[in-house]
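One structure below.
Each reported figure results from applying straightforward, stated rules to the coordinates on display, with no laboratory input. Since the structure is predicted, the reported quantities are computational estimates derived from the model, not experimental observations. All Cβ positions, glycine included, derive from the backbone under ideal geometry; neighbour counts span all protein chains shown.
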Amino acid sequence: MCALTLRSRELGAYATFLGVSGGFNEVLAGPNPCDHAQVNSGTRARAYERVTRLSGAKLDLPELFAESARLLATALPHDTACWHTMDPATLIETGVHFENMPHADAHVAKIAYLSDDYNNFVQLAQGRRHSGVLSEETGGQLDRSQRYRELLRPQNFRGELRTAFVVDGACWGCFAFFREAPADFSTDERDFAHQLSSLLGRAFRAAGVHGRATGAGAALWPGLLLLDGRRRVESVNAPAQRWLEELGFHGAPEHDPLPFALLAVAERVRGSAQEATTRVRGSSGTWIQLHASSASGSGEPGRVAIILQAATPPAIAPLISAAYGFTSRERELIELVLQGSGTAEIAARLFISPHTVQGHLKSIFAKAGVRSRRELVTRVFVQHDASARL
């Protein structure tokens with residue numbers, strides 16, 4: 001179980017926020033070992049209540065990963081787990097947090113996220129039920145799953161529970177929990193995980209709007225990274241090296257596993273034979289756009305070229321708007337505000353009254369926690385990317 005990484009000045013306040021009676025000693029206390037039989041309804045009810053509060057806790061993504069894992073360690077006991085953030089527009093995994101398991105390499109990214117395997121995350125995100133147990137989906141014949149044959153069984157895992165974090169029709173993340181054989185997950189646990197789906201969706205959506213950009217990555221030139229057909233780095237230019245650092249990678253690209261977002265976008269290209277793009281936030285707060293496509297030239301199949309560059313304002317504005325929960329009409333109005341349009345012009349272009357414009361603005365300000373159009377632009381949009389001077 002990963003230790004909670006909240007900023008020290010916020011520890012006491014956060015414990016109070018969660019309603020932890022024992023203060024932060026209880027928050028930092030490690031969970032009991034994986035004991036599936038002793039989980040009762042009270043344990044799950046307490047976890048549900050605390051997960052509900054995560055969307056208002058103002059955690060950034062590393063903190064949210066750690067705290068979400070801590071809250072579910074006893075309500076849904078498991079031996080290992082991986083958590084992901086997802087780009088809601090493309091459903092590509094952009095960030096990862098591991099519990100008691102090694103970092104994923106290109107082979108894991110290839111097998112774990114096959115689009116035609118059981119309970120793939122795109123399927124769960126788009127389905128009526130956003131959680132699934134592998135043994136149930138395979139009818140008890142786990143060998144039908146390539147993921148089980150190549151990744152889980154060799155590690156003595158039998159139980160797998162997957163959940164996509166979906167709120168307002170958009171998926172913001174997912175988790176996969178694993179139990180060593182012979183343990184498995186029940187349908188009750190599957191249903192409880194489904195109940196958590198929208199709560200975790202709200203929390204991960206909210207985490208996308210916390211933290212200010214320092215602008216450290218905004219001035220970087222676009223970089224190019226080329227993967228060969230065996231998923232190894234064939235070439236990488238100097239700007240791409242700096243973008244890798246912005247993504248938290250400080251190893252040798254030719255030998256060490258790349259950031260998971262790069263592995264995921266490359267596998268999307270290989271799996272679909274189409275171009276793929278996604279947005280991910282760097283360590284400085286800069287939004288980074290990854291654009292991947294098939295590469296030709298050597299005759300070797302499976303080569304993928306990935307361009308890494310600062311995301312443009314049009315690319316990130318919809319993501320930020322979705323993170324704040326703005327409606328479609330509110331997003332239209334925000335676009336005009338960002339263009340400098342006044343109330344009368346907005347009313348004319350949207351065929352609504354000035355009074356209605358003011359009503360929409362009031363709703364937008366309340367969701368964003370600002371009081372004026374200027375604050376909306378500078379605090380909500382510009383702060384998220386120093387390269388996006390909207």
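At 7 Å along Cα-to-Cβ for each site, give me the label-to-label distance between GLU375 and ARG149 in nm.
Modelled inter-label distance: 5.9 nm.
May I ask you to derive the relative contact order of region 82-188, considering only C-alpha pairs under 8 Å and at least 6 residues apart, and to give it as an integer percent? Before the final figure, lay out the partial values.
Numbers: 173 pairs, mean separation 31.1, N = 107.
The normalised contact order for region 82-188 reaches 29 percent.
Once you list every other residue whose beta carbon is under 14 Å from the beta carbon of PHE249, what net charge do they have if Lys and Arg are +1 and Asp and Glu are -1? The partial results should precede the final answer.
Values: positive: ARG242; negative: ASP105, GLU245, GLU246, GLU254, ASP256.
So the surrounding residues net to -4.
Evaluate Rg over Rh across region 315-384, taking Cα atoms for both radii and Kirkwood's formula for Rh. Write out the running numbers ahead of the final one.
Numbers: Rg = 11.1 Å, Rh = 12.0 Å.
So for region 315-384, dividing Rg by the Kirkwood Rh gives 0.93.
Order of TRP172, TRP221 from fewest to most other C-beta atoms within 10 Å? Spell out each step's value before the answer.
Details: TRP172 26, TRP221 13.
Going from sparsest to densest Cβ surroundings: TRP221, TRP172.
Dipole size in debye (nearest 20) for region 236-311 around its Cα centre, Lys and Arg Cβ +1, Asp and Glu Cβ -1?
On the way: 6 positive and 7 negative charges, 47 e Å.
In debye, rounded to 20, region 236-311 gives about 220.
Quick one: compute the contact order of region 223-311, relative version, from alpha carbon pairs under 8 angstrom and 6+ residues apart, as a percent. Numbers along the way, then the final one.
On the way: 166 pairs, mean separation 28.8, N = 89.
The value is 32 percent.
Remind me, relative contact order of region 315-384 in percent, using alpha carbon pairs under 8 angstrom and six or more residues apart? Show your work: numbers first, answer last.
On the way: 37 pairs, mean separation 21.2, N = 70.
Answer for region 315-384 is 30 percent.
In what order do HIS107, HIS130, HIS255, HIS360 fall by count of nearby beta-carbon atoms within 10 Å, going from fewest to most?
Values: HIS107 14, HIS130 26, HIS255 8, HIS360 20.
So the residues, fewest neighbours to most, are HIS255, HIS107, HIS360, HIS130.
How about LYS110: which aspartates and glutamates have a C-alpha closer than 12 Å to its C-alpha, ignoring those fewer than 8 places off in the same chain?
Correct list for LYS110: GLU150, GLU267.
Go through SER293, PRO318, THR356 and say which Cα lies farthest out towards the positive end of the charge dipole of region 278-358; charges sit on Cβ, +1 for Lys and Arg, -1 for Asp and Glu.
SER293
Using Cβ contacts closer than 10 Å as the measure, can you line up ARG281, ARG232, ARG70 from fewest to most? Present the calculation step by step, with values, prior to reporting the outcome.
Working: ARG281 27, ARG232 12, ARG70 21.
By the 10 Å Cβ count, ascending: ARG232, ARG70, ARG281.
Could you pull out every one of the lysines with an alpha carbon less than 17 Å from that of LYS58, ignoring same-chain neighbours closer than 8 positions?
Those lysines meeting the cut-off are LYS367.
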